[in-house]
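Structure first, then comments.
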Amino acid sequence: MKILTNICSNNLSESKLFYVDLLGFKVKYDSDWYVQLCSPDEPEIEYGLIQRDHDLVPKAFQQLPNGMYVTFVVSNVDIIYEKALELNLDIVQKPTNEFYGQRRFLTKDPSGCLIDISSPF
């Protein structure tokens with residue numbers, strides 16, 4: 001089995017740059033309605049961006065995300081946090097050591113999806 005997460009985007013090029021610039025994702029496929037990204041270290045781990053108002057997305061699901069977030073586990077959360085600051089991203093929560101053994105910070109992608117960047121400490 002393979003799991004592929006797709007996030008709806010209001011602006012594919014802006015969303016693509018967010019994930020490429022912040023996390024180093026590679027672009028596998030790029031069109032005017034869908035972008036396929038993959039992990040720079042493990043190309044079989046893929047992440048999709050689909051135009052929010054595309055016909056493939058049912059109308060009832062074309063609103064901003066609510067009640068979910070996507071976590072990316074990285075080797076050093078503080079390095080990615082510094083990159084997020086350089087990119088002037090909206091920081092929802094600064095890096096914090098959590099009780100469950102992870103250090104994380106929260107940001108939002110350009111389409112409003114809550115993004116959790118974390119690493120073990």
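No lab work stands behind these numbers, since they all come straight from the coordinates. Just so you know, these numbers come straight off a predicted model, no measurement behind them. In this analysis, Cβ positions are derived from the backbone assuming ideal geometry, glycine residues included, and neighbour counts consider all displayed protein chains.
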Provide I3, I91, I50, I117 in ascending order of the number of other Cβ atoms located within 10 Å of each residue's Cβ, fewest first. I3, I91, I50, I117
Would you mind counting up the charge near D78? Only other residues with Cβ under 11 Å from its Cβ, with Lys and Arg at +1 and Asp and Glu at -1. +3
Please report Y47, Y34, Y100 as a ranked list, fewest other C-beta atoms within 10 angstrom at the top and most at the bottom. Y100, Y34, Y47
Within the chain, percent of DSSP bridges classed antiparallel, to nearest 5: 65
Nearest 10 degrees, 0 to 90: helix 12-23 Cα axis against the chain principal axis: 20
Tell me the net charge near T96. Cut-off is 10 Å between Cβ atoms, T96 excluded, with +1 for each Lys or Arg and -1 for each Asp or Glu. +2
For the chain, calculate the relative contact order in percent as a whole number, restricting contacts to Cα pairs under 8 Å that are 6 or more residues apart. 24
Please compute the net charge surrounding E46, taking Lys and Arg as +1 and Asp and Glu as -1 over other residues with Cβ under 14 Å from its Cβ. 0
For Q63 and L17, compute 0.36 nm times the residue count separating them, minus their Cα-Cα distance, and round to one decimal in nm. 14.4 nm
With each label point set 7 Å from Cα along the Cα-Cβ vector, what nm distance links Y34 and D55? 1.4
For segment 3-43 the mean separation of alpha carbon contacts under 8 Å (6+ apart) over residue count, i.e. relative contact order in percent, is 29
Could you run the Karplus curve 6.51 cos²θ - 1.76 cosθ + 1.60 with θ = phi - 60° over segment 54-63 and give me ³J(HN,Hα) per residue in whole Hz, x for Gly and Pro? 5, 4, 6, 9, x, 3, 5, 10, 8, 8
